[in-house]
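Okay, structure first, notes after.
Quick note: the coordinates plus some simple rules give every number you see, no bench work behind them. Bear in mind the structure is a predicted one, so any value in this text is a computation, not a measurement. Neighbour counts are summed over all protein chains in view; Cβ atoms, including those assigned to glycine, are modelled from backbone coordinates with ideal geometry.
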Amino acid sequence: MRSTKAMLTSDDSSPLILKLALPATLRQLFDYLPPENTPTSLLRPGIRLTVPFGHRKITGILVDTADHSDWPIEKLKYTGPIYDLDPVITVDILQLCRWAANYYHYSLGDTLSQALPTQLLQGYDLAQEAHICWRPHPKPDPSIVEQLHKSRASRQKATWEIMQAHANGAAEVALKVLGAETIILKKLEKKGLVETYTHVPKKRPFHSYDPILKTSELVLNHEQQQALESITSVSDQFNTTLLHGITGSGKTEVYLQAIHNTLKQQQQALVMVPEIGLTPQTLERFRSRFNVPVTVLHSGLNNRERLNGWLSAFHGEAGIIIGTRSSIFTPMPYLGLIIVDEEHDLSYKQQDSVRYSARDLAIYRGKLRNIPVVLGSATPSLESLYNARTHRYHYAKLTQRAGKAKPPRLELVDIRGKNLNAGLSEDVEEAIRETLERGEQALIFLNQRGYAPAMTCNECGHLMDCPHCDAHLTLHRTPPHLHCHHCDLQQPIPMQCPHCSSSRLTLVGQGTERSEEVLAQRFRDTQVLRIDRDSTRKKTALSEMLAVIHKGEPVILVGTQMLAKGHHFPKVTLVVILNADSGFFSADFRGPERIGQLLLQVAGRAGRSHRPGHVIIQTQFPENQQLQQLVIQGYDAFADSLLAQRQLLGLPPCGYMALIAAEATQSQTAHQFLGIHAHQAQQIINRQNLTGTSGVRILGPLPAAMEKRQGRYRALLFLHSASRGPLHGLLNQLIPTMESSKLARKVRWSIDVDPQEMG
């Protein structure tokens, strides 16, 4: 251990202790000594330092400093060098991450890791953003120039000619492209012919762009104008507005004009979208409207692209940032508005690592910055509706489609006893044919990828299952293989049953590939486009297919819920939903809400222009009360009914939940781990009298809906309370005992506060 004599001190006697957040699961800060001979003025919260941790070096974030440690000073290690002159974790992002770590019960280090691009987590030096440049020396010695021309140093002469053509200087990287090698430039430098200098690119702030608009704004109808005024009338203070607008009602135009108001006040806007697939069309619409820089942030970008977007927001160059879930952590010095589009979407809740809700963090960030937040959806989550109806949120509703478009006509088709061809009834095929003959487009929705969801033996009934998961293997035809969508296992299609050796193998059900094949056979003169995760793996695939759709020629679209979110297809007049029943019978209490939202989102793709839309919903349960209510009375009545049920049962949003999940190679290990801590939780509840209607109830341990996944067995423990306080109080006491448990080494466990999926 180094001598402590040279260490920095906070006063004349006490050593300065750095409190660092590290990317570790332990819910604590780590004490280190600062680098020797480092000015204390550089040790500001939010900077990165390289840190020895075990046998490796990692990047830590300075959170605080102190004049004492609970550890003996001689046992503390020194950090490595500081990466940043200015904090990369700004004050508001540090506050946001502190709150998220506390609310979702994760370590601050893990939470801060969500807030930085990968390259910054790996120690990328931001000083590299300053370019090393070269230029001709302003007063070169003429004799040396003449000597160079007469010499046989061809590479030096060629490099000198390049420099003469760049009298104002050029970046070293650019000169290398032209053939000027650094080693030759240094030889010319020694001769006094060229010199080096550092060029820091000038950051042009977004508010220097004038005019703000490229194209004129559209005229708003009365409802849109009221919604806009609800948002902009309190633009200088925190409030949350739920913008509930039916599909095609012009929510995006309200967003655009609210953003214009924000930009006029020289403030930035953050627009969040649930899926990567929505960012290209959103980006195009925003860039065509505004003259200010618009940047995007999502997981589909490579590390350098993501860092560039982060830097443009961090330096205030981008006026508008469009991003998916993790963009909520983007530093924006002039942030003035946050918009969460399709706020109901499950994609906003992270399901691994730190299980946070980006929608809820958006609201908290708006509160920290004292700015407005807009939540937009045609089918709002019950949580947001409940908050609007209890006046925690402002509520603005759009009931009319923009322009001359009318809401589509919804029709239930009973398919009991009918012959189906790859899930298509005769009524559906006839409706598709009539649509195409009118020169319009049809959309077929089926939320099942692949060719068939299962393969079975006709002789013995054996199903081709995944050996690692409680799931059937899905058959794909392009390329041919069996695929588990849960653990990514892929294997060849068998020629005979592995159980009885029979060759009589049969496909069960249908997926998007099979529907695509059948429709292509039925409608040979019409292009069929399949849009799902498999067909859009190529980076440009989705944009290429969307370009075909927007040409307006008759096409048939076949796809999963990728087609349900935010797309505008003016020529789609027919939407067919092949199977509307599964979600209504889900074991998850959120199942009816999810399927209701999905059905109306898909239905909303029809008739968005001047031509009327028609939606056909195939069902085996046409008398289902919830389905009838959704189709006949609309989403409001449907949501009211579900809220009444939740109120009666005390379920979210009328109650609060946390889910503790454990997985292990043996089923009994996961159940034993949760059983021990369920008993400890009950002891805490009894000891602190956290019982009764306002207390905490425990359910489990229970096997997960898919008990075996990726070769591990999963068990669940539910905690439920009528109020947040007792629930979080219990977790605060329970988590340390779980971390110190001997069984914790044999299981992976996690906590999900406000879970959106029940395992």
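Can you tell me the FRET efficiency between residue 522 and residue 548 if r is taken as the Cβ-Cβ distance and R0 is 22 Å, rounded to the nearest 0.05? Write out the running numbers ahead of the final one.
On the way: r = 19 Å, r/R0 = 0.88.
My answer for the efficiency is 0.70.
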State log₁₀ I(q)/I(0) for segment 628-759 at q = 0.10, 0.15 Å⁻¹ as given by the Debye formula over alpha-carbon point scatterers of equal weight, solvent excluded.
-0.38, -0.75
Long-range amide H partners of residue 271 with built H, under 5 Å
321, 322, 323, 339
Cys residues of the chain with no disulfide-compatible partner (no other Cys Cβ under 4.7 Å) are 97, 133, 487, 654
Extension length gain for residue 352 and residue 478 (0.36 nm per residue less Cα distance), in nm, is 42.4 nm
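How many percent of DSSP beta bridges within the chain run antiparallel, rounded to 5?
On the way: 63 of 116 bridges.
Close to 55 percent.
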How high is the relative contact order of the chain, in percent, with contacts defined as C-alpha pairs under 8 Å that are six or more residues apart?
10
Find the percent of Cα-Cα distances in segment 244-396 that exceed 18 Å, and round it to a whole number.
56
With the convex hull built on the alpha-carbon atoms of segment 70-129, volume per residue in Å³ sits at 129
How long is the gain from residue 64 to residue 181 if the chain were fully straight, where each residue apart is worth 0.36 nm and the alpha carbon distance is subtracted?
37.6 nm
Against the longest principal axis of the chain, how steep is helix 635-649, in degrees 0 to 90 to the nearest 10, with axes from Cα atoms?
90
Extension reserve of the residue 665-residue 628 stretch, reckoned as 0.36 nm per residue once the Cα distance is removed
8.9 nm
Taking R0 as 45 Å, what FRET efficiency do you get between residue 370 and residue 419 from their Cβ-Cβ distance, rounded to the nearest 0.05?
0.15
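Could you tell me which of the pairs 349/538; 406/538; 264/367; 77/367; 708/746 are separated by over 27 angstrom between their Cα atoms in the structure shown? Don't jump to the answer; show the numbers that get you there.
Values: 349/538 25 Å; 406/538 35 Å; 264/367 21 Å; 77/367 38 Å; 708/746 16 Å.
Beyond 27 Å: 406/538; 77/367.
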If one takes the longest principal axis of the Cα atoms in the chain, at what angle in degrees, from 0 to 90 and to the nearest 10, does the Cα axis of helix 91-104 lie?
40
So what's the gap between the Cα centers of segment 251-320 and segment 656-722, to the nearest angstrom?
41
Would you mind computing, in nm to one decimal, how far apart the modelled labels at residue 135 and residue 150 are, each placed 7 Å from Cα along Cα→Cβ?
3.1
Stokes-Einstein D for segment 42-186 at 37 °C, 0.692 mPa s, Kirkwood Rh over Cα pairs, in µm²/s?
167
Taking loop as defined by DSSP and a crowding limit of 16 other beta carbons within 10 Å, which GluC sites (Glu not before Pro) in segment 578-686 fit?
623
Under a crude label model (7 Å from the Cα following the beta-carbon direction), how far is residue 468 from residue 582 in nanometres?
2.2
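Which whole-number percent gives the relative contact order of segment 516-666, counting Cα pairs below 8 Å spaced six or more residues apart?
Numbers: 155 pairs, mean separation 27.6, N = 151.
It comes to 18 percent, rounded to a whole number.
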Describe numerically, in nm with one decimal, the distance between label points set 7 Å from Cα along Cα→Cβ at residue 214 and at residue 190.
5.1
If we count other beta carbons within 10 Å of each Cβ, what is the order of 159, 65, fewest first?
65, 159
FRET efficiency estimate (nearest 0.05) - Cβ-Cβ, residue 75 to residue 503, R0 56 angstrom
0.20
Could you please rank 296, 576, 91, placing first whichever residue has the fewest other Cβ atoms within 10 Å of its Cβ?
91, 296, 576
Please compute, for the alpha-carbon atoms of the chain, the extent along each of the three principal axes and give them in descending order in Å.
97, 70, 67
